[in-house]
Amino acid sequence: MISLSVWEIVHFLLLAARWTLLLSAIAFLGGGTAALLLLFLRYAQPRGGATLVRYYIELLQGTPLLLQLFLVFFGLPLLGIEVSPLLAAAVALILYAGAFLAEIWRGCVDAVPRGQWEASAALGLNFISQMRYVILPQALRIAVPPTVGFLVQLLKATALSSIVGFNDLTRAGTIVTNATFQPFLVYGLVALIYFAMCYPLTVCSRFLERKLGSY
Amino acid sequence: MHPQTTLQSADAAPPMVELRKVSKWYGPFQALKDVSLSVRKGERMIICGPSGSGKSTAIRCVNRLEQHQEGQIFVEGIELTPEFKDIERIRREVGMVFQQFNLFPHLTVLQNLTLAPQRVRKMSRKQAEDLAMRYLSRVRISEQAQKYPSQLSGGQQQRVAIARALCMEPQIMLFDEPTSALDPEMIKEVLDVMVELAEAHMTMICVTHEMGFARTVADTMVFMDHGRIVEVAPPEAFFSNPQNERTKLFLSQLLAH
């Protein structure tokens with residue numbers, strides 16, 4: 001057992017928190033890109049592509065993230081790919097985020113009134129133009145609250161990556177606890193730091209909603 | 001007069017829009033039964049009938065917002081077969097005005113009008129804006145160009161919607177109950193715009209309950225009921241001497257109040 005001051009503990013935890021933020025950003029950007037592609041596929045090919053997308057989403061939403069992490073971490077080496085904890089966590093979280101965001105955004109696109117599709121079609125706009133100029137801008141505003149809400153969930157979900165050895169905030173907390181035998185203090189600080197990262201996101205959500213305006 | 005089912009005579013120009021024995025089902029329900037119509041260039045056709053008679057479905061098949069299962073539809077001589085892919089080409093020439101206006105709420109009035117000319121006809125922004133301002137003054141609403149649809153009254157929104165359709169400079173205009181969602185005091189301003197359009201001999205097919213308007217502009221009145229065309233006649237004959245019992249009943253109910 002070693003003795004550390006509160007500031008030393010916080011300092012160590014904050015250094016690890018950067019990795020949590022990095023992993024969250026990678027997962028959100030990667031998942032978001034995947035979700036956009038899935039979204040277009042769903043609407044452009046209502047029969048073939050949309051069914052595949054649905055299976056993918058149901059699979060990813062129906063299994064625990066922890067197990068998805070394990071499958072990626074232990075499964076990728078079987079395919080001959082060298083796996084670092086960061087890579088495994090990133091791949092698993094991108095797949096996970098992609099599935100959830102695709103479903104959230106589908107709901108938002110469906111919420112745009114059908115008349116918008118009809119009016120834009122009647123003017124001769126093709127599918128891509130309809131999505132780009134008419135549907136997605138309206139879906140965007142609807143999408144802000146659930147998307148930011150999911151981003152908060154995602155940031156907290158990165159805590160699971162500690163299980164596969166990724167040096168995120170949670171793992172740092174475990175390391176310090178094992179050294180100082182002060183679990184309540186340490187994990188309390190970990191929770192505070194997670195809150196400090198998540199709270200600005202919710203503020204951002206309200207700001208974005210106001211900025212995008214209401215019709 | 002019997003419903004038109006034959007082609008125009010050989011010396012006349014081909015019809016702008018032609019439906020030949022068109023049938024359409026929604027699942028087990030048959031919405032259109034053997035519908036045949038022919039609209040010449042510059043003809044103003046008014047379709048009336050009770051709710052559920054298939055009038056909206058019929059015109060929505062013309063720009064393929066609905067797809068027919070039997071029969072043939074020709075727009076400017078081009079047949080809308082099930083395999084026909086280039087539907088945007090048809091839609092560029094056929095403008096549509098909806099009962100619910102369907103303006104784009106996130107765009108200003110001007111942007112609503114310039115979107116399609118820029119993205120579909122590939123006009124520059126300046127060209128599109130000049131075009132839009134011309135049509136906005138034509139519907140007498142140019143001072144609202146920078147407003148958003150939510151800031152306009154229903155009558156103003158529908159006039160914007162008409163201008164938006166006109167900006168694509170279509171050959172044919174379809175109106176799907178354009179005044180049915182409007183408060184009574186706003187109906188006139190929209191009908192005035194439509195009358196002007198009709199007097200300029202825009203080829204138009206209009207589904208409406210506004211019989212006063214119909215009497216003023218129609219070349220041909222069509223009465224539909226339960227998915228079928230029941231009667232087709234010029235307005236004088238249609239209103240003063242309807243042939244079919246169902247037509248008589250409908251007109252008496254409509255003109256009673």
Accessible surface, per residue, of chain A when the full set of protein chains is kept, probe 1.4 Å, Å²: 52 Å²
Label-point separation in nm, B:Met133 to A:Phe195, each point 7 Å along Cα→Cβ: 5.8 nm
Average partner coverage of A:111-122, which counts Cβ from other chains inside 10 Å: 6
Cβ-based charge dipole, chain B, positive-most Cα from B:Leu197, B:Ala256, B:Val94: B:Val94
Per-residue mean of C-beta atoms belonging to partner chains within 10 Å, peptide B:96-105: 5
Three-way shape call for the range B:14-109 based on the alpha-carbon gyration tensor, with the a/c threshold at 1.5: rounded
Distant alpha-carbon pairs in the protein assembly as shown (separation over 36 angstrom), percent: 47 percent
Sulfur and carbon atoms: percent of accessible area, the protein assembly as shown [1.4 Å]: 60 percent
Size of the A/B contact, given as accessible area buried on both chains, probe 1.4 Å, in Å²: 1700 Å²
GluC sites (Glu not before Pro) restricted to DSSP loop in the range B:35-136 with at most 15 other C-beta within 10 Å: B:Glu83
Average accessible surface area per residue within the range B:24-103, 1.4 Å rolling probe, Å²: 40 Å²
Per-q log10 I(q)/I(0), chain B, q = 0.10, 0.12 Å⁻¹ (Debye; single scatterer per alpha-carbon; no solvent): -0.49, -0.71
Two-decimal Rg to Rh for the range A:31-144 - Kirkwood Rh, Cα set: 1.09
Within chain B, longest stretch free of exposed trypsin sites (Lys or Arg not before Pro) [DSSP loop, at most 10 other beta carbons within 10 Å]: B:123-257
Cα-centre dipole for the protein assembly as shown with unit charges at Cβ (Lys and Arg positive, Asp and Glu negative), debye to 20: 800 debye
Check: the range B:23-161 dipole with +1 on Lys, Arg Cβ and -1 on Asp, Glu Cβ, in debye: 480 debye
By average C-beta atoms within 10 angstrom, highest first, the peptides A:188-195, A:151-158: A:151-158, A:188-195
Selection from A:Leu185, A:Ala121, A:Gly62, by position along the positive dipole direction of the range A:6-212 (Cβ): A:Ala121
Per residue convex hull volume, Cα atoms of the range B:153-202, in Å³: 65 Å³
Evaluated over chain A, the Cα radius of gyration and Dmax, each in Å: 20.6, 73
Residue-averaged 222 nm ellipticity for chain B, from DSSP H runs of 4+ at -39500 (n - 2.57), nearest 500: -10500 deg cm²/dmol
Angle in degrees between helix A:6-44 and the longest Cα principal axis of chain A, rounded to the nearest 10: 20 degrees
In the range A:1-84, GluC sites (Glu not before Pro) in a DSSP loop with at most 14 other beta-carbon atoms within 10 Å: A:Glu82
Cβ-placed point charges (K, R +1; D, E -1), dipole of the range A:6-212 about Cα centre in debye, nearest 20: 500 debye
Two-decimal log10 I(q)/I(0) for the range A:21-70, as the Debye equation yields it once each C-alpha is a single scatterer, q = 0.16, 0.17 Å⁻¹: -0.56, -0.62
For A:127-135, mean number of other protein chain Cβ atoms within 10 Å: 3
Per residue, the convex hull volume that the Cα atoms of the range B:48-162 enclose (Å³): 140 Å³
222 nm mean residue ellipticity, helices alone, for chain A (DSSP H n ≥ 4; -39,500 (n - 2.57); rounded to 500): -26500 deg cm²/dmol
Computed FRET value (nearest 0.05) for B:Val195 with A:Arg206, which takes r as the C-beta separation and R₀ as 60 Å: 0.75
Low-density loop positions, chymotrypsin sites (Phe, Trp or Tyr not before Pro), the range B:53-150 - DSSP coil, at most 15 other Cβ in 10 Å: B:Phe84
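The values are calculated or read from the model by the stated rules, or taken from the named source; none is laboratory data. Predicted model only: the values in this text are computed from it and were never measured. When we count neighbours, we look across all protein chains shown, and the Cβ atoms used for this are built from the backbone with ideal geometry, even at glycine. Heavy atoms of the whole protein, side chains included, go into the accessibility calculation; ligands, DNA and RNA do not. Shrake-Rupley method; radii C 1.70, N 1.55, O 1.52, S 1.80 Å.
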